[in-house]
Amino acid sequence: MSKPSLWRRILSGIWGGITRIRLAMSNILFLVMIGFIYFVYIGGAPEPLPEKAALLLNVSGRVVDQKSEINPLSALMGAPGPADHEVLLRDVIDAIDYAAEDPAINSMVMELDYLVSVGISKTQEILPALERFRASGKPIVAIGDYYTQDQYLLASYADTVISHPMGGVALEGYSSYNNYFREALEKVSVNVHIFRAGDHKSAVEPFVRDNMSPGEKKVTRRWLNNLWGQYTQMVEAQRELPAGAVDEFVNNFTARLLAEGGDAAQAAVQAGLVDKLLGRSEGNEYLVDLVGASNEDGLYEAVEFERYLSRKKPLSLGGSEADRVAVITAEGSIVPGDQPPGTIGGDTLARLIRGTVEAEGVKAIVLRVNSGGGSMFASEIIRQQLLHAQDMGIPVVVSMGAVAASGGYYIAAEADEIWATPSTITGSIGVFAVFPTFEELLRRVGVYTDGVGSTELAGSLRADRTLSPDVVKALNSNVDFAYKSFLEIVSQGRDMSLKQVDPLAEGRVWCAEDALHSGLIDKTGSLQDAIASAAELAKVSDFEVEYVEQPLSPRDMLMKQLAKSVGSLNVWTDSGLSTALSGLLEPVRNAVEELGSLQDPANLYVRCISCGAVR
């Protein structure tokens, strides 16, 4: 082979030099950008905390057990909004507990205008921390423009509730409404083939009905009324209102509003839901007097809880040799494969459990479940890994969040103990499969499907062909087998006979009270209660709690810290109206998530659609 010519070697050398210079400049530019980001958002000496201030509980966005993956560059470049922000439940609780013991914090102010979602279940876990704060002798004040139902439940635990004179309290109760597509699918000539086991497996009803079935209405009404009963009792107890006062306010709201000349804020005062009506300036003056300090802008002195927690929370360097109770979070739809935080990936969560079992010092596992289920295949992958942990002598305790139903219950059923909050929704033990075909729609536009296959089944699961009777029988058989497997898992895990499990199954959704009575769960309590119980099962008294998360690369850690720093600025460009709109658009968001979660390789799903009402 001949050597390249001299000119070719010279040009190649020049081009190679240019390439190296370009790469070096790119790396230098990247380092400069990282340095800029560090000094703007992360670096620099932290501003000292005031000597006398209120803890500002300005929870924005959604309160979650696990933060979903956020693109930090989007957080940097885009205008932040409350709907994009997530706050960990344990961060809220920890900040309140630190403040209760801090002599520099003399009160708490709740500003909840940008709180999009917290839910009754998570609120019930926050309330003990508020009680501990109040027990320290420090007052709690809630101040807001217009309280949504979610916001007000938290605000009602304040000693004083303040609303803007043009505000009020929006209470309506809980509901579960779905869209039904039978007629629409018929009009566009789409055939949806449904295979289900469980008469109350409502996930398939939107495809085959135009309304909710009477049986499903009965089941849903029961757990909705249970949740609403807990809500009203909590508010009435804290506000010292007579039993039934909240229902009276909601059911006679129009009459109350007319009596006050359309003044919603005054109607809330007259109902005992609000103590004071103060504008922005008057509200600030009231809080300056309460706190006894103001900043250089004349605003009451306060420390935002996220900033406060970042200063007070001890830095964990890892490598601890103490006994540990590991908390692993399973939040979101259950989907096969590897998935980012906020979605339960079958392989991702199984790998996390396996790594935790193998780690030195882990004596027990608490699996925090907040999921309406999803793929049965992915659920089985997770279940097997939990069984392996138990085989290795590590107790597994499940702590149910707002929802642990269908697939969420599937992975919980064989735990050593199952804890739920008083408002947890669980059960929904059933299986379904959905397979749409479009052959009639295609025929309407002149498209036909024809051909040959090497076997009777070849090409039988094409969306442009009618399902053959044999395939229908096979799918029905597969669903029946999956359902029986689900029943056996519950039977073994809960130490019940199949005869006892059967009336609890068929897709029925249960509130925590009924689930406790029937034996589907063991106890009601918070995540902290479940952690304490796991330590008892492991026979350890001196232990640390480790929140296990997916390991991050150095780059991911830097970007996560960047996103956290940007988010903690809390400089929302959105108005309070956008927060309300986020709540109104929640059903659309949930529907998109549901469609995206249908990824089971065998099209078998253990999913509770109606449970989204309590997220």
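The values are calculated or read from the model by the stated rules, or taken from the named source; none is laboratory data. None of the values given here were measured: they were computed from a predicted structure. Heads up, the Cβs are rebuilt from the backbone with ideal geometry, glycines too, and the neighbour counts pull from every protein chain shown.
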Given (1) more than 28 Å from the chain's Cα centre (by Cα); (2) surrounded by 20 or more Cβ atoms within 10 Å (Cβ to Cβ); (3) under 30 Å from GLN528 (Cβ atoms), THR421 misses just (1)
Of the candidates LEU387, LEU461, the one satisfying the condition of being in contact with a strand residue (DSSP E or B) (Cβ under 9 Å, 6 or more places away or on another chain), of a type in the set (A, V, I, L, M, F, W, C), closer than 30 Å to VAL540 by Cα and surrounded by fewer than 18 Cβ atoms within 10 Å (Cβ to Cβ) is LEU387
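Let's see how each residue does on (1) assigned by TED's automatic domain parsing to the domain that holds GLU513; (2) surrounded by 15 or more Cβ atoms within 10 Å (Cβ to Cβ); (3) over 30 Å from LEU475 (Cβ atoms):
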| residue | (1), (2), (3) |
| --- | --- |
| THR220 | no, yes, no |
| TRP228 | no, yes, yes |
| TYR231 | no, yes, yes |
| VAL235 | no, yes, yes |
| GLN238 | no, yes, yes |
| PHE249 | no, yes, yes |
| ASN252 | no, no, yes |
| ALA255 | no, no, yes |
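Residues are listed down the side, and each one gets a yes or a no for (1) in contact with a Leu (Cβ under 6 Å, 6 or more places away or on another chain); (2) aromatic (Phe, Trp, Tyr); (3) surrounded by 23 or more Cβ atoms within 10 Å (Cβ to Cβ); (4) farther than 27 Å from ALA534 by Cα:
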{"position": "GLY298", "(1), (2), (3), (4)": "no, no, no, yes"}
{"position": "ARG307", "(1), (2), (3), (4)": "no, no, no, yes"}
{"position": "SER310", "(1), (2), (3), (4)": "no, no, no, yes"}
{"position": "PRO341", "(1), (2), (3), (4)": "no, no, no, no"}
{"position": "VAL362", "(1), (2), (3), (4)": "no, no, no, no"}
{"position": "ASN370", "(1), (2), (3), (4)": "no, no, yes, no"}
{"position": "ILE381", "(1), (2), (3), (4)": "no, no, no, no"}
Counting only helices (runs of 4 or more DSSP H) entirely within segment 66-152, those with at least 3 residues that are in the same structural domain as ALA265 (by TED's automatic domain parsing) and either modelled with pLDDT of 95 or more or surrounded by 17 or more Cβ atoms within 10 Å (Cβ to Cβ) (or both) are 89-100, 119-135
Of the residues in segment 485-532, those that are outside any helix (DSSP H, G or I), among the β-branched types (Val, Ile, Thr) and under 29 Å from GLU544 (Cα atoms) number 2
The number of residues in segment 464-494 that are among the acidic types (Asp, Glu) and surrounded by 14 or more Cβ atoms within 10 Å (Cβ to Cβ) is 2
Going through segment 155-191 in order, the residues found to be among the β-branched types (Val, Ile, Thr) and at pLDDT 90 or above are THR160, VAL161, ILE162, VAL169
_Condition met for GLU536 (within 23 Å of the chain's Cα centre (by Cα) and assigned to a helix (DSSP H, G or I))_ = no
So, first residue under 24 Å from ASP247 (Cβ atoms) and assigned to a strand (DSSP E or B) in segment 154-178, second residue at pLDDT below 95 and among the acidic types (Asp, Glu), Cβ within less than 8 Å, six or more apart or across chains; the pairs are SER163/ASP145; GLY167/ASP145
If we keep only residues of segment 238-266 that are farther than 25 Å from LEU278 by Cβ and outside any loop (DSSP other than H, G, I, E, B), then the residue farthest from the chain's Cα centre (by Cα) is ALA255
Of the residues in segment 192-216 that are modelled with pLDDT under 90 and of a type in the set (D, E, K, R), the one that is surrounded by the most Cβ atoms within 10 Å (Cβ to Cβ) is LYS201
